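The values are calculated or read from the model by the stated rules, or taken from the named source; none is laboratory data. Computed from a prediction, not measured in an experiment: that's the story for all the values here. Cβ placement follows ideal geometry from the backbone for every residue including glycine, while neighbour counts extend to all protein chains displayed. The protein model used for the area step is the full one, side chains on, heavy atoms only, and it has no ligands, DNA or RNA in it. Shrake-Rupley method; radii C 1.70, N 1.55, O 1.52, S 1.80 Å.
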Amino acid sequence: MIIIKKPVITEKMTAISEKLNRFAFIVDKNANKYQIKDAVEKLYDVKVVAVNTMNYAGKKKSRYTKSGAITGRTVAFKKAIVTLREGDTIDFFSNI
């Protein structure tokens with residue numbers, strides 16, 4: 001099972017990561033905090049202090065086309081906020 005799907009890189013998360021040393025990831029829906037902690041520590045070689053998780057429900061979306069209204073849903077996902085030990089950091093752009 002792939003636990004960490006992708007990092008969340010937004011203006012808000014970049015400001016939080018610089019100030020509070022916290023990083024966000026989209027993770028598998030069935031992963032618990034211990035699995036997320038182990039995955040981040042192995043993948044980025046850092047020490048995790050705390051993990052906070054949140055479940056997001058998919059939103060209803062609709063758009064109007066020539067053939068009528070089309071309705072659907074966006075995908076539900078789970079997000080994890082990981083707090084690292086002081087002095088540790090993750091550089092997502094190091095291999096670009």
Judged on accessible area alone, 1.4 Å probe, highest first, 14, 89 line up as 89, 14
Dipole in debye (nearest 20) - the chain, about Cα centre, beta carbon charges: Lys, Arg +1; Asp, Glu -1: 840
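Kindly flag which residue pairs out of 5/79; 12/78; 6/61; 37/59 have an alpha-carbon separation exceeding 20 Å in this structure.
Numbers: 5/79 10 Å; 12/78 18 Å; 6/61 23 Å; 37/59 28 Å.
Violating the 20 Å Cα-Cα cut-off are 6/61; 37/59.
So for the stretch 1-40, Kirkwood radius off the Cα pairs, Stokes-Einstein at 4 °C and 1.567 mPa s: how many µm² s⁻¹?
Values: Rh = 10.8 Å.
Estimated diffusion coefficient is 119 µm²/s.
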Of 24, 69, 15, the most mobile residue in a GNM of the chain (C-alpha springs, cutoff 10 Å) is 69
Of the candidates 48, 27, 75, which one comes out as most mobile in a Gaussian network treatment of the chain with C-alpha springs shorter than 10 Å? 75
To the nearest 10 square angstrom, what accessible area does residue 73 show with a 1.4 Å probe? 150
Charge-dipole axis of the chain as Lys and Arg at +1 and Asp and Glu at -1 on Cβ define it, positive-most pick from 70, 83, 17: 70
Placing unit charges on C-beta atoms (Lys and Arg positive, Asp and Glu negative, everything else neutral), compute the dipole magnitude of the stretch 1-50 about its Cα centre in debye, rounded to 20. 140
In square angstrom, what is the accessible area per residue of the stretch 1-66 with a 1.4 angstrom probe? 77
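What are the equivalent ellipsoid semi-axes of the chain, built from the alpha-carbon gyration tensor (square roots of five times its eigenvalues), in whole angstrom, biggest first?
Values: eigenvalues 198, 49, 27 Å².
Gyration-tensor ellipsoid for the chain: 31, 16, 12 Å.
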Sum up the charges of everything whose Cβ sits under 12 Å from the Cβ of residue 32, counting Lys and Arg as +1 and Asp and Glu as -1, but leave residue 32 out. +2
Can you give the three extents of the C-alpha atoms in the stretch 56-96 along their principal axes, from longest to shortest, in whole Å? 56, 26, 9
